[in-house]
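Only one structure is covered here, and it is reproduced in the block below.
Computed from the coordinates by the stated procedures, all read-outs in this text should not be read as laboratory data. These numbers were taken from a predicted model, which means no experiment stands behind them. Glycine gets a Cβ as well: all are built from the backbone with ideal geometry, and neighbour counts include every protein chain shown.
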């Protein structure tokens, strides 16, 4: 039988789940990737997963996210995740854009959408949740990437693409990571240890900088304006965290040496994991085994994705490919089709079907 969800785990996670089953109470880190409109295929899964995660938590759960992932994890940490999903879905899907919006237009509408999602007290709810701990990953841009003018920014992006093609370690010449974290609990990934050598700036999240942090990690150069100043952070131009951490490839749990059942849960929108945005073209660049040792990755199967309208999951290009009416109809159809993913996830978690389904990552 072909199932709509792919369920894979790193070596230690695979062993623990096969021997002891899977419990959401063992999840210590949740990863949420960049990807823009691709989040739509996770909508129905989030509706099943988020209330269960909040009910199961008995200790801090660290939410590591960039770009659109920061919106999803904000929803998880809010007091009523299902109502928040409804608000976000409505504004994101149904808003009718200008035919050729400029970066300032996109930034303005994105800020408005974030305000609709968070309302008057969203960040207070998130930063007072008893167990959920937000960690929003953006980047602080260097050199030409610190400008919003089109020509220098384009030249900077081309230079970054070429340098990254040689080695991901070259990203350190163009970016610093900026990790905006709930100060109540230190995350096991506080230093963002990985194979790039990128420096990490750690900034406390608070009521005064939360929305700017989300805007920063959502700000795609040439599409949106960068965020030049964020309260509590060093001066500089902050942009989309997906540049360095598109799908993430770092030490999520630090060094786990003692016996532990701690796991990383990664509900993802595709089977392939791509470390950084500039790595999309390089098929050989994938996750490092040591970082995903305790990770459980649950994603729509490639076959399911191919069965969706137009043979793909939604993406940012749909805003240009389709007129407003066609795009909305397409995305609404995807939301209907992905109800199967929510049903399958419910079976895995409630009917204890995950241990039998999991395969090695």
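Using 7 Å Cα-to-Cβ label points, what is the residue 325/residue 280 separation (nm, one decimal)?
Going from the residue 325 label point to the residue 280 one covers 3.0 nm.
Just to confirm my numbers, what's the Cα centroid distance between segment 257-314 and segment 43-59 in Å?
Cα centroid to Cα centroid, the span is 19 Å.
What list do you get for 204, 225 if you sort them by fewest beta carbons within 10 Å?
Fewest to most other Cβ atoms nearby, the residues stand as 204, 225.
Segment 64-113 to segment 1-31: how many Å between their Cα centroids?
Measuring centre to centre over Cα atoms gives 29 Å.
Considering only the chain, what is the antiparallel percent among its DSSP beta bridges, to the nearest 5?
40 percent
By the gyration tensor of its Cα atoms, with a ≥ b ≥ c the square roots of the eigenvalues, what is the shape of segment 291-361: rounded for a/c under 1.5, prolate for a/b over b/c, or oblate?
prolate
What is the Rg over Rh value, at two decimals, for segment 1-127, using alpha-carbon atoms and the Kirkwood definition of Rh?
For segment 1-127, the value is 1.02.
Quick one: grab the alpha carbon gyration tensor of segment 205-250, order the square roots of its eigenvalues as a ≥ b ≥ c, and give me rounded if a/c is under 1.5, else prolate or oblate depending on whether a/b is larger than b/c.
oblate
Separation of segment 183-245 and segment 323-347 by C-alpha centroid, Å?
When both Cα centres are located, 31 Å separates them.
At 7 Å along the Cα-to-beta-carbon direction for both residue 19 and residue 100, put a label point, then send me their distance in nm to one decimal.
6.2 nm
For segment 177-257, just say rounded, prolate or oblate: build the C-alpha gyration tensor, square-root its eigenvalues into a ≥ b ≥ c, call rounded for a/c under 1.5, and beyond that prolate if a/b exceeds b/c, oblate if not.
Verdict is oblate for segment 177-257.
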